[in-house]
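The values are calculated or read from the model by the stated rules, or taken from the named source; none is laboratory data. Computed from a prediction, not measured in an experiment: that's the story for all the values here. Positions of Cβ are generated from backbone atoms using ideal geometry, with glycine treated the same way; all protein chains shown enter the neighbour counts. What goes into the accessible areas is simple: the full protein's heavy atoms, side chains included, and nothing from ligands, DNA or RNA. Shrake-Rupley method; radii C 1.70, N 1.55, O 1.52, S 1.80 Å.
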Amino acid sequence: MDTIIKKITNSPEDKEVYQQAAQIIHNGGLVAFPTETVYGLGADAMNKAAAAQIYQAKGRPSDNPLIIHIAEVEELGRVAEEVNEKAKKLMKEFWPGPLTLIFRKKKEVPFETTGGLDTVAVRMPSHPVAQKLIKESRTVIAAPSANTSGKPSPTQASHVKEDLYGKIDMLIDGGNVGIGIESTIMDMTVEPPMLLRPGYITMPMLEQAIGKIQVDPFLAGDMKEPVKPKAPGMKYRHYAPKAELFIVEGELSQVVAKINYLAEEKRKQGYKIGIIATEETKGFYCGDSVRVIGTRKDEASIAKHLFSVLREFDKMGTEYIFSEAFSEENLGQAIMNRLIKAAGHQIIRL
């Protein structure tokens, strides 16, 4: 198929874009659209055939659950059995925004959407394009990241086009996203509530809102692999570039020296090398393959550019990538979660 691509221009013509996209959703088709985190691949969450199409287009394992996106709190009642007081506090504090909550699902929600689970993941995006599309579609929209499964998540429309052109009905180009990594995921079906995936909403922010939370053993590194993934991105290799990616962890001057040594060794062997640096360290690396991911003074800048840098190395034909490690405090926890998964847990500790 030819994928329809429409750009949001913040003009009266946008109304037709939303109407066309909503009709595609209504007819069981697939529409990629921007959220504040990454681009999502949307379909009618209550249509099991449409949800199945998402898995097919992405090449996504069928037991990897999808996140349902809503535009109004009242829509939560369509998909969730019970919403406890802690969940309500988190919704009041962080919705609309980059926080996904897991509830017991209502029977009307198809297992094709939940990856066969009796729970459902739900969030309310704050991005105006996502909000308008959900409202215009008059349904709740299941939307994982709009990329080929396992690849770095898309933070601009061109990334979606690279992966999914010809596999989906429509792409709404809303420009670059703001955050650049996927939402925080909290399981509200257990007590204390459990963090399944770190994101822009950090652990200190969550605990300030509802008190003590627990961390999934798999996320904490206490399990090699969960039996069933309770949330997207838990079981399978994610966010990965084509190159072999290694994270180098330790005192920063030693990290720089080690990366320069490893990069030079691979260059001598004839491989194309990439180095992920920060504004603070870019001048200490050799060669023309250094890419700045952001500044350590602003973790949000690192999160915003992580996936686009990995995709840039793919375009360059890079074969080995060496990256500095980052603090695992606050937003750094989410950054390192994505990097470690992209590297397939290949960490060099000095």
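Pairs, please: C-beta under 6 Å, at least 6 apart or cross-chain, first residue within 16 Å of LEU331 (Cβ to Cβ) and at pLDDT 95 or above and in the stretch 202-223, second open to solvent by 60 Å² or more (accessible area, probe 1.4 Å) and not β-branched (Val, Ile, Thr)?
Correct list of pairs: THR202/ASN330.
Would you point out the residue of the stretch 29-52, among those that are in contact with a helix residue (DSSP H, G or I) (Cβ under 6 Å, 6 or more places away or on another chain) and open to solvent by 10 Å² or more (accessible area, probe 1.4 Å), that is nearest to ILE67 (Cα to Cα)?
ASP44
Quick test for you: out of TYR261, TYR271, pick the one residue that is open to solvent by 40 Å² or more (accessible area, probe 1.4 Å), within 18 Å of GLN346 (Cβ to Cβ) and in a loop (DSSP other than H, G, I, E, B).
When all the criteria are applied, what remains is TYR271.
Can you tell me how many residues in the stretch 284-308 are of a type in the set (Asp, Glu), modelled with pLDDT of 95 or more and either open to solvent by less than 60 Å² (accessible area, probe 1.4 Å) or not in a strand (DSSP E or B) (or both)?
Final tally of qualifying residues: 1.
For the stretch 113-130, how many residues are open to solvent by 10 Å² or more (accessible area, probe 1.4 Å), touching a residue at least 60 places away in the same chain (Cβ under 8 Å) and out of contact with any Ser or Thr (no Cβ under 9 Å at 6 or more places or on another chain)?
1
Give HIS69, HIS26 a once-over and let me know the one that is in contact (Cβ under 8 Å) with a residue 24 or more places away in the chain and farther than 28 Å from PRO193 by Cβ.
Criteria check complete, one pass: HIS26.
Can you find a residue in the stretch 104-112 that is farther than 21 Å from GLU36 by Cβ, open to solvent by 10 Å² or more (accessible area, probe 1.4 Å) and hydrophobic (A, V, I, L, M, F, W, C)?
Yes, the conditions are met somewhere in the stretch 104-112.
Give the residues of the stretch 10-45 that are part of a loop (DSSP other than H, G, I, E, B) and in contact with a Pro (Cβ under 7 Å, 6 or more places away or on another chain), sorted by residue number.
Residues satisfying the conditions are THR35, GLU36, THR37, VAL38.
If I filter the stretch 131-152 down to residues being of a type in the set (A, V, I, L, M) and over 29 Å from ILE340 (Cα atoms), which single residue comes out as surrounded by the fewest Cβ atoms within 10 Å (Cβ to Cβ)?
Step by step, filter the stretch 131-152, then rank; the result is VAL140.
Filtering the stretch 309-350 down to residues that are in a loop (DSSP other than H, G, I, E, B) and touching a Phe, Trp or Tyr at 6+ places or on another chain (Cβ under 7 Å), which residue is surrounded by the most Cβ atoms within 10 Å (Cβ to Cβ)?
Only one residue tops the list, namely ALA343.
Mind checking which residues of the stretch 62-103 are of a type in the set (Val, Ile, Thr) and either in a loop (DSSP other than H, G, I, E, B) or open to solvent by less than 40 Å² (accessible area, probe 1.4 Å) (or both)?
ILE67, ILE68, ILE70, VAL79, VAL83, THR100, ILE102
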